[in-house]
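Take a look at the structure below.
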Amino acid sequence: MALYSEKVMDHFMNPRNVGVIEDADGIGEVGNAKCGDIMKMYLKIDNDIITDVKFETFGCASAIASSSMATELIKGKPVKDAMELTNKAVAEALDGLPDYKMHCSVLAEEAIQSALEDYRSKKEKA
Ligand code: FES
């Protein structure tokens, strides 16, 4: 069996939603100290709906595929749904990741949670 599923390869070779949102409502940046990979997520939120999401990932193929898939899973969805997104759901949507690459999908979950946290704290201050 191939190490990576076709979906992982597709999202790695043609990542969706790569880039920056200049006037983002929430930004989250996380990293994994062991592998050194870094992921940054930008959210645009209107009326509690995620209207746009972009990411920048400095990392491995699984981290890039996980970020890409995670953005696709939350785009157009309510904030509440994004809060419930787990790394398992990201990995399942990619038709699985090798066990030792599961932490790459954790990074995607954490980046989204961190961006949502930033959105919440900005909203409270406003
Ligand atoms: Fe660390 Fe993929 S090897 S995020």
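The values are calculated or read from the model by the stated rules, or taken from the named source; none is laboratory data. The shown structure was predicted, so the numbers you read here are calculated from the model rather than taken from an experiment. Positions of Cβ are generated from backbone atoms using ideal geometry, with glycine treated the same way; all protein chains shown enter the neighbour counts. Side chains included, ligands, DNA and RNA excluded: accessible areas come from the protein's heavy atoms. Shrake-Rupley method; radii C 1.70, N 1.55, O 1.52, S 1.80 Å.
Just a few scattered comments:
- Evaluation of D95 against the conditions (1) in a helix (DSSP H, G or I); (2) acidic (D, E); (3) away from the ligand (no atom under 13 Å from the Cβ) shows that the sole unmet condition is (1).
- Of all the listed residues (D46, D81), the sole one being closer than 27 Å to G96 by Cβ and of a type in the set (D, E) is D81.
- Counted residues, the range 25-49 - those being in contact with a Gly (Cβ under 9 Å, 6 or more places away or on another chain) and more than 16 Å from the ligand (Cβ to nearest atom): 5
- Pairs linking a residue in the range 90-103 that is on the phi < 0 side of the Ramachandran plot to a residue that is basic (K, R) and away from the ligand (no atom under 13 Å from the Cβ), with Cβ atoms under 6 Å and 6 or more positions apart or on different chains, are L94/K7.
- The residues of the range 72-90 that are crowded, with 18+ Cβ neighbours inside 10 Å and within 14 Å of F12 (Cβ to Cβ) amount to a single one, V90.
- Given (1) away from the ligand (no atom under 13 Å from the Cβ); (2) over 10 Å from A108 (Cβ atoms); (3) not basic (K, R), number of the condition L73 does not satisfy: (2)
- When the range 55-71 is filtered for residues that are within 12 Å of I112 (Cβ to Cβ) and not aromatic (F, W, Y), the ones remaining, listed by number, are S66, S67, M69, A70, T71.
- Options I21, I50: the member that is over 15 Å from E110 (Cα atoms), out of contact with any helix residue (DSSP H, G or I) (no Cβ under 8 Å at 6 or more places or on another chain) and open to solvent by less than 30 Å² (accessible area, probe 1.4 Å): I21
- Looking across F58, F12, one residue alone is in contact with a strand residue (DSSP E or B) (Cβ under 6 Å, 6 or more places away or on another chain), open to solvent by 30 Å² or more (accessible area, probe 1.4 Å) and among the aromatic types (F, W, Y). It is F58.
- Beta carbons closer than 9 Å, at least 6 apart along the sequence or on distinct chains, pair a first residue in the range 60-77 that is basic (K, R) with a second that is modelled with pLDDT of 95 or more and open to solvent by 10 Å² or more (accessible area, probe 1.4 Å) for K75/R16; K75/N17; K75/T51; K75/D52; K77/I49; K77/L85.
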